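A.B. asks: A single structure is presented below for examination.
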Amino acid sequence: MNQIIATMAGSVWKIVVAVGDRVEEGQDVVILESMKMEIPIAAETSGVVKHIHVQEGDFVNEGDVLVEIE
Amino acid sequence: MFSKVLIANRGEIAVRVIRTCRRLGIQTVAIYSEADADSLHVSLADEAYLIGKPRVAESYLNIEKIIEVAKTAKAEAIHPGYGLLSENPAFARRCEEEGIVFIGPKADIIAAMGSKIEARRTMEQAGVPIVPGVSFALDSADEAAKAAASIGYPVMLKASAGGGGIGMHIARDEAELRQAFEGSQKRAASFFGDGTMYIEKYIERPRHIEIQLLADSYGNCVYLWERECSIQRRHQKVVEEAPSPFLDEETRQKMGEAAVRAARYIGYANAGTIEFLVDEQKNFYFLEMNTRLQVEHPVTEEITGIDIVEEQLCIAAGEPLRYKQEEIRRDGHAMEVRIYAEDPNTFYPSPGRITVFSAPQGEWIRHETAVQSGITVTPFYDPMIAKLIAKGPDRQTAIERLLEALRDYRVEGIKTNIPLLEAVLSHPAFQAGDTTTDFLSKHWKPIKTK
């Protein structure tokens, strides 16, 4: 199990994967918006999306878990 | 003149507008979100009203709430600052309907200049040169490809409702254009509620030079020379200066006169800025008109001695322009850097608590900020936390004074772009005036940060 965490505080602008999707290392899974900028958050390892912890529009703090992949 | 003005903004620009109001004996009303309760603009204003939650949609963009506060506080006029509602025609219209003076141009002029496609058409009619391109909406990648073929690559794909570089994309061939089209269209629709796209010829190694205008309600208009703002990251300005190191007197005058012609043609009143792209042969092309106060207005104030906010207030209060063109001074050189809470290498935001904040002072230094030690820079707003401006008798002196001030500038607790600013100002190409919009991508080498 690998957790993808928010690298900075901001809003969840877009979730670009769904539960069950196969993702590759380096592929964007969530796009945050902070200080009027879009910040793509990429998977650090390849795997299958197991759980998505946030919804579009949610506010997240640095360190919050966004997505779990397996 | 007004006796009470509401400032519909936050941060350094709210503080800056309050300062001029106080000097003129005008009472000030601040608005703030829950995230800004400790901000300097709140404590400096004569009255302050909490208007909602941190996100701009629930606070600084809430038109009806702001109108309600203006009525409760009995403000006669609203200064919108820059960004937020400053170029929102619906807001200007609501002010007009409520009998509150909007300190800026009329709502229909904001709307006309807010549509980049319509602005292109209008400028063409006014006899102002525009970048070769199309002045109609492109609905599909096919249409874009067809238009690009007639203009010639490379092209710049742009959002008609755009601003801040969002939705903009350089395409060097058809494949790149097709690949970028849909994403840019979606992004523009998401950010601006309007996915209308158009394309312009991409001008290689351009300079971004803009003309500051003041126009009253009686058809008088003057230009306060130019500002050069070519040093940019993500299509946003980082360093600005006046005068431009590139222009000669003849081009300067031609650009100033073209800008005045444009303002007269559309019946513009208040402060405004016409942005031009200038190519290596000193041909200039209309880029867009900003119908508001600009972030970088201080460099113009420093060389002309004119307080642009004061002139905005006078014009909005119905006074005729107080200057003739031949009375506009141009004295020395002024340079501004924008201090952003961001990683200087990735340009990614760096929100957080500022533990130590101290800025140098000096006769030649102007500092605009709403930040102080102990405050938290939140992720809800623009990353710009301060502007530092230096003045000198010539460009080299202004650069040296700004560099010296930057070396004494201390911000701890968050990352800032100060290392990048120092590197730009120290760079031989910058010092030689070789300032094109690709400067950072060409010269900036990532550095190690703490």
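A.B. asks: Filter region B:55-87 for residues that are within 14 Å of chain A (Cβ to nearest Cβ), touching a helix residue (DSSP H, G or I) at 6+ places or on another chain (Cβ under 7 Å) and surrounded by 18 or more Cβ atoms within 10 Å (Cβ to Cβ) and give the result.
C.D. replies: Hit for region B:55-87 is B:Leu84, nothing else.
A.B. asks: Looking only at region B:163-187, count every residue that is out of contact with any helix residue (DSSP H, G or I) (no Cβ under 6 Å at 6 or more places or on another chain) and either within 14 Å of another protein chain (Cβ to nearest Cβ) or surrounded by 18 or more Cβ atoms within 10 Å (Cβ to Cβ) (or both) and tell me the total.
C.D. replies: 10
A.B. asks: Going through region B:195-212 one residue at a time, which ones are buried (at least 22 other Cβ atoms within 10 Å of the Cβ) and of a type in the set (A, V, I, L, M)?
C.D. replies: B:Met197, B:Ile199, B:Ile209, B:Ile211, listed by residue number.
A.B. asks: Another one. Please go through region B:45-54 and give me each residue that is surrounded by fewer than 18 Cβ atoms within 10 Å (Cβ to Cβ) and away from chain A (no Cβ under 14 Å), ordered by number.
C.D. replies: Residues satisfying the conditions are B:Asp46, B:Glu47, B:Leu50.
A.B. asks: Of the conditions (1) buried (at least 19 other Cβ atoms within 10 Å of the Cβ); (2) at pLDDT 95 or above; (3) of a type outside the set (Ser, Thr, Tyr), B:Gln396 satisfies every one except a single condition; which number is it?
C.D. replies: Result: B:Gln396 fails condition (1) only.
A.B. asks: Of all residues in region B:72-99, which are more than 19 Å from the chain's Cα centre (by Cα) and closer than 20 Å to B:Val17 by Cα?
C.D. replies: Of everything in region B:72-99, those that are more than 19 Å from the chain's Cα centre (by Cα) and closer than 20 Å to B:Val17 by Cα turn out to be B:Ala73, B:Lys74, B:Ala75, B:Glu76, B:Ala77, B:Cys95.
A.B. asks: Also: Scan region B:325-336 and tell me whether some residue there is farther than 17 Å from B:Glu240 by Cα and part of a loop (DSSP other than H, G, I, E, B).
C.D. replies: yes
A.B. asks: Given chain A, what strands (runs of 3 or more DSSP E) lie entirely inside it while holding 3 or more residues that are more than 14 Å from chain B (Cβ to nearest Cβ) and not basic (Lys, Arg)?
C.D. replies: The strands (runs of 3 or more DSSP E) meeting that bar are A:2-5, A:47-52, A:65-69.
A.B. asks: Here's something else I'd like to know. Quick one: would you say B:Ile315 is outside any loop (DSSP other than H, G, I, E, B), within 14 Å of another protein chain (Cβ to nearest Cβ) and modelled with pLDDT of 95 or more?
C.D. replies: Spelling it out, it is not the case that B:Ile315 is outside any loop (DSSP other than H, G, I, E, B), within 14 Å of another protein chain (Cβ to nearest Cβ) and modelled with pLDDT of 95 or more.
A.B. asks: Tally the residues that are crowded, with 22+ Cβ neighbours inside 10 Å and in contact with a strand residue (DSSP E or B) (Cβ under 6 Å, 6 or more places away or on another chain), restricting the search to region B:88-101.
C.D. replies: Residues flagged as crowded, with 22+ Cβ neighbours inside 10 Å and in contact with a strand residue (DSSP E or B) (Cβ under 6 Å, 6 or more places away or on another chain) within region B:88-101 amount to 2.
A.B. asks: Could you go through region B:246-264 and let me know if any residue there is under 17 Å from B:Gly433 (Cβ atoms) and either assigned to a strand (DSSP E or B) or within 14 Å of chain A (Cβ to nearest Cβ) (or both).
C.D. replies: Looking for residues that are under 17 Å from B:Gly433 (Cβ atoms) and either assigned to a strand (DSSP E or B) or within 14 Å of chain A (Cβ to nearest Cβ) (or both), one finds none in region B:246-264, hence no.
A.B. asks: Any residue in region B:339-354 that is facing chain A (nearest Cβ under 9 Å) and without any contact (Cβ under 8 Å) to a residue 40 or more places away in the chain sitting within a Cβ distance under 6 Å of a residue that is among the hydroxyl-bearing types (Ser, Thr, Tyr) and crowded, with 18+ Cβ neighbours inside 10 Å? List the pairs, counting only those 6 or more apart or interchain.
C.D. replies: Listed by first residue and then by second, the contacts come to B:Pro349/A:Ser34.
The values are calculated or read from the model by the stated rules, or taken from the named source; none is laboratory data. If you're wondering where the values come from, they're calculated on a predicted model, not measured in any experiment. Positions of Cβ are backbone-derived with ideal geometry, glycine not excepted, and every protein chain shown enters the neighbour counts.
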